[in-house]
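One structure is given below, encoded as structure tokens.
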Amino acid sequence: MTGSGAAVMGRSRKRLRAALIGLAATSVAAVAGVLALAELDRAYPPPIEAALERSTEVVDRDGQLLRAFATRDGRWRLGVDLADLDKQFVAMLLAFEDKRFAEHGGVDAWALLRAAGQFAGNGRIVSGGSTLSMQLARLIEPRQRRSLSAKVMQVARAIQIERRMGKDEILALYLTLAPYGGNLEGIRAAALAWFGKEPRRLTVAESALLVAIPQLPELRRPDRNHAAARAARDRVLARAVTSGLISEDEAAAASFAPVPSARKPLPALAAHVAEAARRAEPNATRLEVTLRRAAQAGLETAARDAALRLGPKLSVAMIMADAATGEILAEVGSANYFDTASNGFIDMTRVSRSPGSTLKPFIYGLAFEDGQIAQQTIIEDRPASFSGYRPRNFDMDYQGDVSVRTALQKSLNVPAVRLLDAVGPARLMARFRQAGVNPVLPRGKPAGLAIGLGGLGMSLHDLVQLYTGLVNGGRVSDLTDRPRAAGETASRGVILPAAAAWQVSDILSGVAPPANAIHKGIAYKTGTSYGYRDAWAIGFDGKHVLGVWIGRPDGSAVPGISGYGTAAPVLFDAFVKSGVAIVALPRAPAGALRQAREDLPVTLRRFGASAGEDRLAGVSEPAPEIVFPPQGARVELSQLDGGLYAPLVLKLQGGRAPFRWLANGKALSSVERRRTSRWVPEGNGFSTLTVIDAAGRAASVKVFVE
């Protein structure tokens, strides 16, 4: 072998030795790296669990967010489901932050080399080399300062994360923790705060801004650094064009879109329901309730508008339920949860108050069940004493003889007490308990006739539950605001037979709506508690029951409020604002008839009549007597504009309603059930006034008008 050949052979051996040494060193380094990562995994796993705390979300029956609660450290951090995110936003994010996200194992070597070269050539950071996995590592384990060792740890953590989680899990966790300025974290909180919507469908401009903010969240907050936010958004748009995600025309149009200048509040509906749900399950991060977001928002608007209109310190509570399932579709505990003047934090849907006249339909229902009355049965509305208990009507007046239908529609007190006396207060209470409602009686006192006029305690929740029976053919549904377990029934028992429930519903469907309200097929009943403390209105169609309560939580009187004048207009307004489609009331079941009085059996023509007796022919009341103006009176009347006289009030006592008034033999315009009427004289001189009652008896006076 020549000297040159030996030299070549020697160099070859050296290169081979060096290669073997390098390979061995690389193998050792690789093994050492693997062992180091394994040891790091074992001894120092990434603190992923510590970063998993989420804001508690309360969602409606369709999964829409009603209310969110901040985390313990005051962060708005909502969980993310990639399937619910705008696809174009995700594409923009990956194109801008980590275009090889699907390929690398946590570290993008090419991106790191590019970033290092740009730094060496420019003396500053031109683009970052961090992958989304590395950024996630920094989010779950924030570093105090930038250093080489911190970067090495971030790389190691990114690899650890990739070993533990799939790509979709990594992306979802990043989009849950990404900072968006202030206490906003994650794409959902950001989209809700900056655009007032979930990130399901974002515009190109919105997507670009949400990609840009997390890089420098405080410097790019739209509410504080509007220009910087716009510039960063436009850079993302330019990158999206380069990546082929959008066209230049789309980017140009998006660059003219406004950038939000203020944060929007996160959804804050159903405060009382949300608080109750969280108390029941304090460790849950997602709580589903039966409410419907649109209906809840509508009722809260109606309650807030009513409270502003009615004055300070008044609270408004409402419940709307599906009568068949008992599921609560909307529930408002107060008009303003944070209003201390009206004790808004108190959930007035669950507070026991006097229900006024709202229980009368069930008294009538029991009487229908017993066959004691029909809709056209005549019943007396006159002063009466029931073992010393003397009920009086709300307006302190009496109607005389009226039909059962009229008595319930006008909510007359004496007829209701007559019927309750016949069916029995204990029986009425038993039906309430059978329906799952336990009214509160005065301490140490049994149920008496006063319960028919509100002499007990009952909550709005209880009342709405009872009224589901009038929609469901007498069967009451148990109200709930949480989804029922499989196989759980809504039925709480029967409060009335189907025919009796229909008779009551049919009567209530004929109650005149309040002024300026649109009658949309709603049956309803109002009530006012003693001392003007509570105003109620409970209405229903063929599917929904809506209850309204108005008053002061401290129980003090509110002079002037009433069920019909105060609560009923709110009821009709709330039905409209709830957005529910009004369903026709149920048809009459078999055996339920609405008969004219002349078609009724003799015993049903008048309440309390015995077989073979029709008390309409017998007259027990004294004959009518005109008490004003008295006989021979000289009446001086003032003239109004146009020469007409002001009306003269006519009053009588005794007699049986209805009454027909005549002036100089000419009948006045209408038949009156009240014992007062009005007459406008045609001129000066003598006039004869006459009144004729239902029994045909008459009384007259002669007066002189001057």
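Quick look at the numbers
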item: Per-pair calculated FRET efficiency, R0 = 25 Å: residue 392 and residue 509 via Cβ, rounded to 0.05; result: 0.35
item: Under 14 Å, Cβ to Cβ, from residue 228 - net charge with Lys/Arg +1 and Asp/Glu -1; result: +3
item: Option label - Cα extents along the principal axes in Å computed here, alternatives (1) 159, 60, 43; (2) 86, 55, 49; (3) 75, 73, 42; result: (1)
item: Distant-in-sequence amide H partners of residue 288 (H built 1.01 Å from N, under 5 Å); result: 59
item: Debye, to nearest 20: dipole size of the chain, +1 on Lys, Arg Cβ, -1 on Asp, Glu Cβ; result: 2020
item: Spin-label pair residue 143/residue 352, simplified geometry with 7 Å Cα→Cβ offset, distance in nm; result: 6.4
item: Stretch gain in nm, segment residue 219-residue 482, where the contour uses 0.36 nm per residue and the Cα spacing is subtracted; result: 90.4 nm
item: Rel. contact order, % - alpha carbon contacts under 8 angstrom, at least six apart, the stretch 319-426; result: 21
item: Under Karplus coefficients 6.51, -1.76 and 1.60, residue-wise ³J(HN,Hα) of the stretch 476-488 in Hz, glycine/proline x; result: 8, 9, 6, 6, 8, 10, 10, x, 6, 6, 4, x, 6
item: Extension gain, residue 62 back to residue 203 (0.36 nm per residue minus Cα-Cα distance, nm); result: 48.4 nm
item: Anisotropy class of the stretch 163-271 from Cα gyration tensor, a/c 1.5 cut; result: oblate
item: Extension reserve of the residue 631-residue 385 stretch, reckoned as 0.36 nm per residue once the Cα distance is removed; result: 85.3 nm
item: Cβ-based exposure ranking for 494, 701, 649, in which fewest neighbours within 10 Å come first; result: 649, 494, 701
item: Calculated [θ] (222 nm, deg cm²/dmol) that DSSP helices of n ≥ 4 give over the chain, each run adding -39,500 (n - 2.57); result: -11000 deg cm²/dmol
item: Label-point separation in nm, residue 261 to residue 52, each point 7 Å along Cα→Cβ; result: 4.4
item: Qualifying lysines (Cα of each under 29 Å from Cα of residue 543; at least 8 residues distant if same chain); result: 360, 410, 520, 525, 577
item: The stretch 553-596 versus the stretch 352-384: alpha-carbon centroid distance in Å; result: 17
item: Length-normalised contact order of the chain in % [C-alpha pairs under 8 Å, at least 6 apart]; result: 10
item: Packing rank of 355-363, 483-491, where each peptide gets the mean count of other beta carbons within 10 Å, highest leading; result: 355-363, 483-491
item: Two-decimal ratio, the stretch 287-618, of alpha-carbon radius of gyration to 2.2 N^0.38 Å; result: 0.96
item: Packing-based exposure ordering (other Cβ within 10 Å, fewest first) of 291, 308, 65, 171; result: 308, 65, 171, 291
item: Rounded FRET efficiency, nearest 0.05, which uses the C-beta distance separating residue 252 from residue 167 and R0 of 41 Å; result: 0.80
item: Spin-label proximity, residue 226 to the stretch 232-275 - amide N less than 16 Å from point 7 Å beyond Cα toward beta carbon; result: 232-233, 256-264
item: Per-pair calculated FRET efficiency, R0 = 60 Å: residue 676 and residue 593 via Cβ, rounded to 0.05; result: 0.95
item: Degrees separating the helix 293-310 axis from the principal Cα axis of the chain, which is the longest one; result: 50
item: Relative contact order of the stretch 51-255, pairs being alpha-carbon contacts under 8 Å that are 6 or more residues apart, as %; result: 21
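Values in this text are rule-based calculations from the coordinates and carry no lab data. This structure is a prediction, so every number in the text was calculated from the model and none was measured. Positions of Cβ are backbone-derived with ideal geometry, glycine not excepted, and every protein chain shown enters the neighbour counts.
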